[in-house]
Amino acid sequence: MVLFPPFCYHLPVRIPGDSTTESFHEPEAASATSSSAAGVDDVEAQRAALDDLAHDVVKRGMASPAIFLLESMRPISFITAEFLVFLDPFARLLLPSGRYALIVEAFHDRANLTWLLDRIEALEEERLDSTRKPEPSPSAESPGEPDDRP
């Protein structure tokens, strides 16, 4: 028998596709249409939190290590998300709890992990493109300059 610390019993765990946990935050009298609308808002909020995370990673120059880490944890993303649930009490000391909860919830779905990887790669490519100097074209020389060719 495995005993968990007492704070683990109160942490919400949301399993995608499990109908028993889908309405964890919804009142019992909620209709099916409000539940599906809340699901869309939930996904949009998760994507916004992941987008903020991607911007922070690229801004700090940590895109390559983040991509390596996310690619390596892709097969065990659900276990990683559960580990992040375990770290929730400690993360609340350092991070805003609302965004952390959205990111943890988003990591339960592998599609969000793929979206985050694609977003980090796109932002890093934009950053690299903006820092590259355009090479001067030969036609950019002014006609009055002497030609150094022999």
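The values are calculated or read from the model by the stated rules, or taken from the named source; none is laboratory data. Given the structure is predicted, the values throughout are model-derived calculations rather than measurements. Neighbour counts run over all protein chains shown; Cβ positions are idealised from the backbone, glycine included.
Determine if the range 48-67 includes at least one residue that is modelled with pLDDT under 90, under 21 Å from the mean Cα position of the chain (by Cα) and within 30 Å of Ser130 (Cβ to Cβ). Write out each step before concluding.
Keep residues of the range 48-67 that are modelled with pLDDT under 90, which gives none.
No, the range 48-67 contains no residue that is modelled with pLDDT under 90, under 21 Å from the mean Cα position of the chain (by Cα) and within 30 Å of Ser130 (Cβ to Cβ).
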> Taking the range 74-116, which residues are surrounded by 16 or more Cβ atoms within 10 Å (Cβ to Cβ) and among the aliphatic types (A, V, I, L, M)?
Replying inline: Ala81, Leu84, Val85, Ala91, Ala101, Leu102, Ile103, Val104, Ala106, Leu113, Leu116
